[in-house]
Each structure stands twice: as C-alpha cells, then as structure tokens.
1. Can you give the net charge of the other residues whose Cβ lies under 12 Å from the Cβ of Arg301, counting K and R as +1 and D and E as -1?
2. Would you tally the net charge around Val142, using a Cβ to Cβ cut-off of less than 13 Å, leaving Val142 out, and scoring K and R as +1, D and E as -1?
3. Can you bin the range 301-454 into rounded, prolate or oblate? Criterion: square roots of the alpha carbon gyration tensor eigenvalues sorted a ≥ b ≥ c, rounded for a/c under 1.5, prolate for a/b above b/c, oblate for the rest.
4. R0 = 51 Å: FRET efficiency of Arg437 with Trp261, Cβ-based, nearest 0.05?
5. Just list whichever of Lys169/Lys215; Lys380/Lys442; Lys169/Lys309 have alpha carbons separated by over 20 Å in the model shown.
6. When the dipole is taken about the Cα centre of the range 270-341, and only Lys, Arg (+1) and Asp, Glu (-1) are charged at their Cβ, what size is it in debye, to the nearest 20?
7. With a point put 7 Å past each Cα toward its Cβ, work out how far Gln316 is from His291 in nm, to one decimal.
8. What is the distance, in nm, between label points placed 7 Å from the Cα along the Cα-to-Cβ direction at Val218 and at Asp68?
Amino acid sequence: MILAAVWVGSYLQQQQDAHEAQLQQLTDRALINTQAGLETRLLELSRSIDLFARTNLTIINELLQNPDVESPSYGQLLQLLRSVYPDVVSFTLATAAGDPILEVFPGLIGPPCKADIKLFAKNPDGNIKRLHPNMKLSHFDVMTHLDTGAASIVFFASFLTPIITSSLKKFSGDDVDMMLLHREVAELIEFTEAGARGDYRRNWRLQAEEKSSIKSQVDIEGSRWTLVAMPNPVLTTEAEHLAAKTERRIMLVVVITGILWLVLTTLLVNFIWYQFNRIHTRDQNLDNRLHHDSLTGLPNRLLLMARMKLVLEHVQRSGGRAAILFIDLDGFRRVNVEMGPAIGDRVLERAAASLTQLGSTDTVSRLAGDKFVVVLTDLKTQASTEQIAQQLLDAISDIQTSLALPVPITASIGVAFYPEDGLDTALLLEAAEEAMRRAKVKGGNCYGFYQPQAV
C-alpha cells in the first residue's frame, strides 16, 4: 500500500508537471502567432506604402511643386491615402537628406520622427518602427524612399496605434496577455492590449509581478520592440490551485495509508479514477484552446496549417487540385466602431456559421480578426470554384438582414490553386491573400483569382 501511495504521488506530480508544460506551450504558441502576425502586418504596411507612393507619383510631383497643405494635390493625395489606410493620421515628404518638406500638424512631427527620417534617409533598408507618444496623437511611422525623376525624396506616413494594439489581442487569443517593450530602454512598455504608452494612465515600467510572470519573449523584426508573453492570470491561478491541491492530496494518501490501509484501497481506486478523468478532460480543453478559435470554435491558424498540409499531400498523390479561399469581411471595422465589439462578435459568429453550413467546403478556419480561410478539394473545374465563391459571397451578404444591421456586411475573396499558385501552405496562403487584397481594392463584395503576372 505504501508503494501504491508513493506511485500515486509520483503520478500526480507528473501530471502537474505536464500541465505546467502545456501552459508554457500555450504561451509559446501565442507568442509565435503574435510575432508572425505583427511582423507580417509591419512588412505589409512597408510594402503597401511603397506601392502607394509609386502609384501616385504624379500627384506627389505636383505637391512638390507647391508643398502646401492648402494645395489641391495635398487634399487629393490625403483622401486617396485614407481611403486605402483608414488608420493613417497624415503623411509628409522629406528630402533625401531627411529634412521635412511638408509638415501637416506642427508639433506632431517632433524630434523622434525627424530622427527616424534622418536614419531612414541614410539607410533605406533599415525602416525600423517605434512608438512616438505625443501629447496630441500617439502614432508610429512607415517610410519609403521614392525617386520622382526630378529628385529623391522620402514619403512618410503616420499610423494610429490601435493597428498595433488590436494585433496583440487578435493574434494572441484570450489565454495569454501580450506587451511590446522598448528594446533599447530597459523594462519600458510601449504597447499593451489596452493601448499605447501615452494614451492611458498607468505606470509604463514593468511591475515586479508583471516581470516575474513573463514566460517567453522575442524581438519583432522591423521594429524597436520586444514582444513578451504572460499567461492570463486566470490560468496562472488555476495552475497554482491545482498544484496546492495535488500536494495536499499526496500528503493525505501517505498519512492515511498506515492507519486505514483496507479502507484506503477502495478510496484510492476511486481517487485515481477521478483524477484520471479530470486530467483527461483538462488536457482535452487545453488541446482545444491550442487548435481552435475561442469565439467561433473554428480551427485556428495552427490547425489550419496542419490540415492544409494533409490536404496537399492527398491531392498530390491523387493528382487532383485544391483551392484556398482567403475571405475578409467588408464593413466589419465600421460595425465594430459604430455598434461595439459585442455586435462585431455576433457578426463573426454568424459569418462562421454561414461558411460552415454551405456543405461544399472541406475546411473552414478563422485566421485572425475578420479573416477566414476555406479549403476546397476534389475540384472538377474552375467554374465549380467560382460557384462556391459566389455562394460564400451570398451567405455573407445575408448577415446584414439576419442581424438587422444598418451597416452592409459583404466579403472580399481571394482564390489560389494548388499546384498552379504554390506548392506549400505558406505560398498558397500568401497568394490567396494577395488575390483578396486586389478584390478589396476593386470595391469588395467580389472574388478574384491569384495572378502571378500582376504581382
């Protein structure tokens, strides 16, 4: 009996260690997802700002001839910029040496901004972003080097901070809290999920309990930020309570064994069975959190990538085709802002239900925010894919009526095919997302196919 008690104690301790390891794994997964999401967003911003500037080179040249905020070319360029990037505060132009040509809001382009322009002018490949807390409006900057034909200049766009804070929450999920720290100033917080430094009242130095709860951290490429991950206090408290309960139960088993060994035999069997079921249920819950979206219950990015890999292997063996449909909801941001996050969550839940109820899709995943991915296999013709894409558009359009929303909800869908547009999951997702962005540029509520020659 004593040996049995010792075995039980060892078993329970192993399960406790396994639970802590799963908690660390959950934190690491969230860190990896958030790092990938932030780095991708920053890279997309840099590339798209460069594309925007080159696309509107004629207007920029007109503005250089008359660098005044009252000029028509300034208003035209600002309107175009905000139509593409709703989170843009403003823009300015600077010489190749880094001296501002146009300053829209006096004081907004302060010493940190000017210092960044100087650094970028010297090293165009070093577009390193950082937070500029400002009494008027906190922001961060994205720059691109532009040759106008007559001169070399720097095009400079300032973005609102919620584009970063929303990413912290969007990619990390509900079980892990994320912060961005200043890489060059020890323990200085730049962003939390609640907001940016300078926008909220709090001590923006790491507190002792915050510092001790950090499980993982990584530098964000293309920025002066370090991302740190901390388990949600609810999960941490749950783990501490579980550890305390486990320790008390081990001691109880050891003491009672020497007194009531016969009675303990029955109790021990029941206790082991109870613990086994509870641990099994807890492990299943943790596994579900790791692989599914907490709001919609759909597979998350991690499970999507695993399923896509299996699908591509199957299609490769069978010699068939597969299609990846990247879906972004049009009008969702407006719903979130005007009607609140609760209505936004209802829209996401209804969109997930609409996509899964069609029956013609093999896998539906919520990638992040208002972005979904649908995987199709056994495709006979391209027309069948077009038919399914149109069904998806119709299903999303019905959300406005079913929820009685004053704001129209539609979708932009990008389609990429295996093996024509990519031979691995990452390339296919990137191709489908590029096709989606081009569909959105056309006005949304449509689908488009990936075209390599148009990249």
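1. +4
2. Taking every Cβ under 13 Å from that of Val142, the sum is -1.
3. Prolate shape, in that a/c is at least 1.5 and a/b is the bigger ratio.
4. 0.15
5. In this structure, Lys380/Lys442; Lys169/Lys309 exceed 20 Å between Cα atoms.
6. 200 debye
7. 2.1 nm
8. In this crude spin-label approximation the distance works out to 5.1 nm.
Quick note: the coordinates plus some simple rules give every number you see, no bench work behind them. Quick caveat: nothing in here was measured; it's all calculated off a predicted structure. Every residue, glycine as well, gets a Cβ built from its backbone with ideal geometry; the counts of neighbours run over all protein chains shown.
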